[in-house]
1. Output the number of residues of the range 89-103 satisfying the condition of being out of contact with any Phe, Trp or Tyr (no Cβ under 8 Å at 6 or more places or on another chain) and either open to solvent by less than 40 Å² (accessible area, probe 1.4 Å) or at pLDDT 95 or above (or both).
2. If you check S71, S52, S63, S30, which single one turns out to be of a type in the set (S, T, Y) and more than 22 Å from V2 (Cβ to Cβ)?
3. Could you figure out which of (1) outside any strand (DSSP E or B); (2) open to solvent by 60 Å² or more (accessible area, probe 1.4 Å) isn't true of N59?
4. Working carefully through the options G42, G109, find the one that is on the phi > 0 side of the Ramachandran plot and under 15 Å from the mean Cα position of the chain (by Cα).
5. Of the residues that sit in the range 33-56 and are at pLDDT 95 or above and among the acidic types (D, E), which one is surrounded by the fewest Cβ atoms within 10 Å (Cβ to Cβ)?
6. From S30, S25, which residue is touching a Lys or Arg at 6+ places or on another chain (Cβ under 8 Å), among the hydroxyl-bearing types (S, T, Y) and surrounded by fewer than 20 Cβ atoms within 10 Å (Cβ to Cβ)?
7. Any idea which residue in the range 62-76 is surrounded by the most Cβ atoms within 10 Å (Cβ to Cβ), counting only those that are touching a residue at least 24 places away in the same chain (Cβ under 8 Å) and part of a loop (DSSP other than H, G, I, E, B)?
8. Would you confirm, using the coordinates I've provided, whether V79 is surrounded by 13 or more Cβ atoms within 10 Å (Cβ to Cβ), touching a helix residue (DSSP H, G or I) at 6+ places or on another chain (Cβ under 7 Å), assigned to a strand (DSSP E or B) and at pLDDT 95 or above?
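The values are calculated or read from the model by the stated rules, or taken from the named source; none is laboratory data. All of these numbers come straight from a predicted model, not from anything done at the bench. Note that each Cβ is placed from the backbone with ideal geometry, even for glycine, and that neighbours are counted across all protein chains shown. SASA here: full protein model, heavy atoms, side chains in, ligands and nucleic acids out. Shrake-Rupley method; radii C 1.70, N 1.55, O 1.52, S 1.80 Å.
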Amino acid sequence: QVQLVESGGGLVEPGGSLRLSCAASGFSVSNYVMSWYRQAPGKERELVAFISNARDITNYADSVKGRFTISRDTAKNTVYLQMNSLKPEDTAVYYCKTAKGPIGYWGQGTQVTVSS
């Protein structure tokens, strides 16, 4: 049974950092593309970053390039999103996602609030 559990969200001041974790079970994160999405109030869910299952190729939304880093720890079967230089517009619920063919699997989300 595929399960994704996010953690690490919280309240942080502008310019601060957070590291989100996505603990996976029921499959190996090394074998699938792993993604982070976010959804702000009143907005559609958007792709933030993904890491491929081969050669660890990564890609980022323009709004987070140079500030966020996605990575994977296969020993812990966990995917991370390191977020630096946070801005108020990064405030959202952040979700971890993977897909097996046409079936997508989502975590429950973790709230990130950037405010002074």
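1. If we filter the range 89-103 for residues that are out of contact with any Phe, Trp or Tyr (no Cβ under 8 Å at 6 or more places or on another chain), which is where we start, we get 89-93, 101-103.
Now drop any that are not either open to solvent by less than 40 Å² (accessible area, probe 1.4 Å) or at pLDDT 95 or above (or both), which leaves 89-93.
Residues flagged as out of contact with any Phe, Trp or Tyr (no Cβ under 8 Å at 6 or more places or on another chain) and either open to solvent by less than 40 Å² (accessible area, probe 1.4 Å) or at pLDDT 95 or above (or both) within the range 89-103 amount to 5.
2. Result: S63 is the single residue among S71, S52, S63, S30 that is of a type in the set (S, T, Y) and more than 22 Å from V2 (Cβ to Cβ).
3. Here N59 clears every test but (1).
4. G109
5. Of everything passing the filter in the range 33-56, E44 is surrounded by the fewest Cβ atoms within 10 Å (Cβ to Cβ).
6. Selected residue: S30, the only one of S30, S25 that is touching a Lys or Arg at 6+ places or on another chain (Cβ under 8 Å), among the hydroxyl-bearing types (S, T, Y) and surrounded by fewer than 20 Cβ atoms within 10 Å (Cβ to Cβ).
7. This residue is V64.
8. Details: surrounded by 13 or more Cβ atoms within 10 Å (Cβ to Cβ): yes; touching a helix residue (DSSP H, G or I) at 6+ places or on another chain (Cβ under 7 Å): yes; assigned to a strand (DSSP E or B): yes; at pLDDT 95 or above: yes.
In short, yes.
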